[in-house]
Structures are given as C-alpha cells and as structure tokens.
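Each reported figure results from applying straightforward, stated rules to the coordinates on display, with no laboratory input. This one's a predicted model, so the numbers in the text were calculated from it and none came from an experiment.
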Amino acid sequence: MTLNMNEELLNSIRAIIKEELKPVKVSIHNMEDDINSMKGDIKSIKTLQEEDHLILKALEHKAEINKAEHDKIINNLAHLNGKITNMKNTLKSIKEDNKSIIEVLGEHEISIRTLKRRPV
C-alpha cells in the first residue's frame, strides 16, 4: 500500500466516523437543551420553594398567636368559672340568711300578736 492509499483510507474512515457521530452530536445537543430547560425549571422551583417557606413561616407565626389567644381565653374562662362558683356560694348563703330572717320575723310576728291579745 502506498502512502496515498493509506491517506485515502484514513480519509474514508474519518468520513465514516464523522457521519456516524452526527446522530450522537444531535443527541448531545438535545441533552444540552434538556439540561438548560431543567436548570430553568429548578430555578423556578427554588423560587416557589422560597415563597412557600415564607408563607409557612407566616402561618406558623399566626398559629403561635392563635395559640396564645386560645390559652388566654381558656384562662379567662377558668377565672370566670371560679367567680361564678363563688357567686353561687354567696347566693346560697344569702338564701339561707333570708330563710333565717323570715323565720325570725315570723317569730316576732307571733310574739307581737300574742302581746296584742293580752289585756293590759
């Protein structure tokens, strides 16, 4: 084989390889496009994730405020229940005192009527 034939053979092999690599190059180019698209998608997802994180933090803060208000209401209700119980006891005592007063008044009324019937 001569040098010229070797060079022709080498050029033929190069042409075949070049032709065979065209679909690979197209596939690589498509992959690069897909990767760039994915990078954009990831960037959008990160932005949405940051927004969601801020919303979550705001909701957590609001939940803490609501819990504090709820605890305050429960505390106030317990305090009111204590006052109501105290008022019930006071009312019960007043009713008992009232019964005693009525009994005493009744006895005095009897004594007054008895005295009125006696001759002087």
* How large is Rg/Rh for the stretch 1-85, to two decimals, with Cα atoms and a Kirkwood Rh? -> 1.78
* Asked: Got a sec to turn the phi values of the stretch 88-101 into Karplus ³J(HN,Hα) couplings, 6.51 cos²θ - 1.76 cosθ + 1.60 with θ = phi - 60°, whole Hz, x for Gly and Pro?
  -> 4, 5, 5, 5, 4, 5, 5, 4, 5, 4, 4, 4, 5, 4
* List, in order, the whole-Hz ³J(HN,Hα) value for each residue of the stretch 105-112 obtained from phi through the Karplus relation with A = 6.51, B = -1.76, C = 1.60 and θ = phi - 60°; use x for Gly and Pro. => 4, x, 5, 5, 4, 5, 4, 4
* Structure fact -> From the Cα centre of the stretch 13-89 to that of the stretch 92-113, the distance in Å is 75
* Identify which of 46, 22, 57 has the largest mean-square fluctuation in a Gaussian network model of the chain, with springs joining Cα atoms closer than 10 Å. => 22
